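Encoded as structure tokens, the structure appears first; notes follow it.
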Amino acid sequence: MEPKINLGDLTLEELTAYVKSRGESAFRGRQIFEWIARGADSLDDCTNLSKTLREKLAAEADIYLPKVRRKLVSKLDGTVKYLFELRDGNTVETVVMSYYHGYSVCISSQVGCRMGCTFCASTLNGLARNLAPHEMAGQIIAAQKDMGTEISSVVVMGIGEPFDNYDNLIKFLKNINNPAGLGLGWRHITVSTCGLADKIRRFAEEGMPINLALSLHAPEDGLRREMMPVARAYTIEETLAACDRYFEKTGRRVTFEYALSEKNGGLEWAEKLVRLLKGRNCHVNLIPVNPVKERDYVRSDRRSVAAFMDYLNRNGVNSTLRRELGADINASCGQLRNSEM
Ligand code: SAH
């Protein structure tokens with residue numbers, strides 16, 4: 001039997017064309033698209049379609065929403081971490097953080113990861129598979145439905161490398177931006193990449209001015225290669241040139257992620273980072289490395305973190321310390337999924 005078409009993987013245009021090809025009027029496509037964003041978990045949930053139509057479509061198509069396998073709520077700050085189960089039994093992690101301006105959700109883009117960053121828990125068991133567009137959007141929709149609240153911003157910073165799942169990512173972004181769906185503005189969406197420079201260049205041409213975050217973590221190729229295998233494929237120079245291009249095309253300032261450990265957190269590295277980034281319209285997001293038991297990274301102490309940040313700011317490189325949320329529920333991604341494997 002042919003696998004069924006998952007309607008959540010279609011853009012609004014595709015869904016409209018699909019229902020037309022089945023002899024239905026175009027607006028049925030829009031209705032289904034709206035239902036999916038509102039949390040429909042099967043065609044039967046689309047109650048403004050006739051039963052006959054639902055049955056006709058269900059013969060070859062369906063809708064699926066990820067299921068809550070586990071849910072942890074931080075007693076410290078209310079951060080919620082979900083382990084969602086997908087139809088094939090695979091699981092992904094999603095974190096919902098509450099900010100003064102609303103709820104922000106951090107979603108996964110793949111089941112596992114093959115980028116191999118040596119400080120990261122998500123890549124320990126390699127890549128199982130890519131997430132389909134409906135599984136990325138489904139994390140937002142299922143979290144909203146479960147919490148009974150509206151999510152106002154999305155960061156693609158959970159498990160996986162979004163640009164290693166490029167086509168699905170683009171479709172997902174289109175769908176959540178569509179006003180008939182979640183209607184999330186480009187400025188409320190952030191994608192974080194370990195630095196697939198060719199994809200950054202391609203993404204600059206897509207006409208989707210979202211926020212781009214680059215996981216830099218080291219100001220020199222030698223150290224970066226030790227920490228991140230992707231640095232063997234693309235030099236920092238090439239990667240930053242791609243980020244500059246992104247800024248030129250979209251007007252969106254790129255954020256650089258820098259996880260501080262004893263390896264890259266000394267002031268000599270701060271000096272190198274300033275030399276690298278000075279004069280760029282950018283922002284550095286610092287975070288003390290989150291210790292992963294299978295990894296040997298030791299996080300920088302508070303003092304070194306403060307000194308590092310201070311050095312950057314005094315020398316013209318904007319930086320802030322990322323607030324650590326959900327410390328009691330291990331809210332940084334990868335670890336909950338691993339603990340269930
Ligand atoms: N693959 C993408 C997005 C997922 S990782 C990327 O690399 O950007 C999200 C962020 O968490 C990245 O900046 C990543 O480098 C960082 N990260 C991974 N493991 C970490 C750890 N143990 N401590 C601190 N940050 C970590």
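The values are calculated or read from the model by the stated rules, or taken from the named source; none is laboratory data. Treat the numbers as computed from the prediction; the structure is a model and nothing was measured. In this analysis, Cβ positions are derived from the backbone assuming ideal geometry, glycine residues included, and neighbour counts consider all displayed protein chains.
Search the range 182-193 for residues that are of a type in the set (S, T, N, Q) and pair each with any residue that is assigned to a helix (DSSP H, G or I) when their beta-carbon atoms are under 7 Å apart and the residues are at least 6 apart or on different chains.
THR193/PRO162; THR193/PHE163; THR193/ILE200
Every residue in the range 281-294 that is in contact (Cβ under 8 Å) with a residue 40 or more places away in the chain and not β-branched (Val, Ile, Thr), please.
Residues satisfying the conditions are ASN285, ASN290, GLU294.
Determine whether LEU240 is in contact with a Pro (Cβ under 8 Å, 6 or more places away or on another chain), in contact (Cβ under 8 Å) with a residue 12 or more places away in the chain and buried (at least 21 other Cβ atoms within 10 Å of the Cβ).
Working: in contact with a Pro (Cβ under 8 Å, 6 or more places away or on another chain): no; in contact (Cβ under 8 Å) with a residue 12 or more places away in the chain: yes; buried (at least 21 other Cβ atoms within 10 Å of the Cβ): yes.
So LEU240 fails the test.
Would you pick out the residues in the range 174-216 that are of a type in the set (S, T, N, Q), surrounded by fewer than 20 Cβ atoms within 10 Å (Cβ to Cβ) and within 15 Å of the chain's Cα centre (by Cα)?
ASN177, THR190, ASN211
Quick one: how many residues across the range 191-231 are away from the ligand (no atom under 15 Å from the Cβ) and part of a helix (DSSP H, G or I)?
Final tally of qualifying residues: 6.
Exactly one condition in (1) under 29 Å from TYR99 (Cα atoms); (2) out of contact with any Asp or Glu (no Cβ under 8 Å at 6 or more places or on another chain); (3) modelled with pLDDT of 95 or more; (4) not aliphatic (A, V, I, L, M) is not met by ARG225; state its number.
Just one mismatch for ARG225, condition (1).
May I ask you to list pairs of residues, at least six apart or on different chains, whose Cβ atoms are under 9 Å apart, with the first in the range 103-120 being within 7 Å of the ligand (Cβ to nearest atom) and the second being assigned to a strand (DSSP E or B) and among the polar types (S, T, N, Q)?
That search, which allows pairs on different chains as well, returns CYS117/SER215; PHE119/SER261.
Taking interchain pairs and intrachain pairs at least six residues apart, which have beta carbon atoms under 6 angstrom, with the first residue in the range 140-167 and at pLDDT 95 or above and the second within 8 Å of the ligand (Cβ to nearest atom) and assigned to a helix (DSSP H, G or I)?
As it stands, the answer is VAL156/PRO162, since those pairs meet every condition given.
Kindly indicate which of VAL317, VAL305, VAL230 is surrounded by fewer than 20 Cβ atoms within 10 Å (Cβ to Cβ) and assigned by TED's automatic domain parsing to the domain that holds MET157.
VAL305
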